[in-house]
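The values are calculated or read from the model by the stated rules, or taken from the named source; none is laboratory data. This structure is a prediction, so every number in the text was calculated from the model and none was measured. We place every Cβ from the backbone using ideal geometry, glycine too, and count neighbours over all the protein chains shown. In case anyone asks, the SASA skips ligands and DNA or RNA and just uses the protein heavy atoms, side chains included. Shrake-Rupley method; radii C 1.70, N 1.55, O 1.52, S 1.80 Å.
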Amino acid sequence: MSSNRWPLCAALACVVSGAPFVPASAQTAPTFQSLLKQAQASAPRLSLGAAETRAAEGLAVQAAARPNPTLGLTVENAAGSGPYKDFDNVETTLSIEQSLELGGKRAARTSAAQADLAAVRARGAQGQVDFAHDLALAYVQAEAAQQRLAVVGEGVDLAQADAQATRLLVDNGKEARVRTLQAEAGLASARADLGVAKAEAEAALARLGALTGARETYTAIAGGLLDVAAATPPPEPASNPAIAAARAEREAAERRIAVERARRTPDLALSFGVRRFQGDDATAAVFGISAPLPLFDRNRGAVAAATANAQAARARLAMVEAEQDGERRAATAQVAAAGRTLEAARQAQDAASEAYRLARLGYDAGRLPLSEVLAARRDLIAARGRTVDTKLARVKALADLARVQGALPFGDQP
């Protein structure tokens with residue numbers, strides 16, 4: 001019996017051990033908060049938002065610019081026939097023309113550009129929250145894949161211990177040789193599951209690296225997010241980022257109506273110049289004023305389009321407000337349910353661990369068949385996998401709740 005104790009002890013040690021398997025040469029991703037800080041400078045999504053904000057700032061500055069004056073030089077009565085065949089009777093006019101924007105065009109244009117800038121900034125703030133949410137999901141999925149890999153790896157260790165114990169019993173004539181084949185089949189199945197788990201872990205780490213724009217390839221993760229404490233949800237801010245962005249877009253759309261209405265007023269062009277009469281050796285001033293006649297184009301179509309766009313923006317705001325309220329209620333319920341589910345999953349895992357321990361003891365003592373041990377081992381591995389999945393679902397619910405409340409997820413974690 002003593003020769004069979006070593007496989008049993010090794011198996012039970014694997015059950016107790018919860019440390020994930022990490023290769024020694026791994027390029028480990030840092031903690032979530034550290035990774036989020038690093039991503040501020042490297043994530044393509046955040047770089048895109050920053051570039052869009054700079055573009056809107058430039059357009060806001062440009063919107064306040066006044067029209068440039070026009071400088072003109074005109075030469076008349078030259079290179080003709082008769083008295084105008086040479087340059088003795090040339091009339092030369094030097095003038096400057098300035099367009100005057102009437103009807104509040106510049107003020108409306110500047111106001112609309114500032115509203116567009118505010119909308120872009122609001123979308124940028126929403127993008128920051130959405131990115132932190134997506135990064136948290138990618139991070140916790142990678143951590144969950146790593147823990148699943150550890151669970152499956154421990155399943156391989158348990159299967160090896162079971163197979164070794166079975167071989168010892170068969171060699172001692174206490175079991176039929178078919179039991180060895182059954183144990184080896186279970187070991188092969190566990191190794192196949194290990195290959196699948198490795199592939200899933202590598203894929204999750206690759207997605208995490210792509211989201212952060214990391215130059216190096218992550219082969220491990222520091223972790224800590226799966227077991228994050230279920231802190232009290234942060235109070236809902238006065239303005240949800242998604243709602244704030246929709247409101248800013250509505251304001252920008254409404255201000256563009258004023259821009260289109262102002263364009264219906266014709267602009268005046270004032271000119272002043274000096275004319276030189278070469279033949280009379282005289283100089284005179286020239287004044288002028290011009291304006292387009294709004295006979296055919298009163299900009300009615302553009303005003304109607306801007307009004308419709310403003311109505312659509314108001315509808316989108318109402319839709320976003322309803323969606324955010326529904327998502328907040330759903331996320332709150334999911335957080336509460338996930339906590340209860342996780343506690344049940346942990347109890348099931350403890351029960352499965354004890355059942356496997358007793359099954360191994362009974363098998364080594366000759367009171368239980370090998371099938372009981374194999375079934376208990378499968379139940380244990382499945383229970384540990386469900387615990388990881390439940391942890392993942394709980395963290396997802398917490399991240400969803402933080403997003404709808406406009407907060408960065410897990411900001412209080414080290």
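For this structure, a couple of remarks:
- Restricting attention to the range 288-331, the residues that are among the polar types (S, T, N, Q) and in a helix (DSSP H, G or I) total 4.
- Boolean, G326 is open to solvent by 20 Å² or more (accessible area, probe 1.4 Å), small (G, A, S), at pLDDT 90 or above and more than 26 Å from Q33 (Cα to Cα): yes
- Qualifying position, being surrounded by 22 or more Cβ atoms within 10 Å (Cβ to Cβ) and in a helix (DSSP H, G or I), among A107, A119: A119
- Filtering the range 334-380 to residues that are outside any helix (DSSP H, G or I), open to solvent by less than 80 Å² (accessible area, probe 1.4 Å) and on the phi < 0 side of the Ramachandran plot leaves A365, L368, P369.
- Criterion violated by D130 - all others in (1) under 30 Å from L317 (Cα atoms); (2) crowded, with 19+ Cβ neighbours inside 10 Å satisfied: (2)
- Residues of the range 169-190 include none that is open to solvent by 70 Å² or more (accessible area, probe 1.4 Å), at pLDDT 85 or above, part of a helix (DSSP H, G or I) and under 24 Å from A382 (Cα atoms).
- Boolean, R148 is more than 30 Å from G213 (Cβ to Cβ) and of a type in the set (K, R): no
- Test: E52 is open to solvent by 80 Å² or more (accessible area, probe 1.4 Å), outside any loop (DSSP other than H, G, I, E, B) and farther than 21 Å from R263 by Cβ: yes
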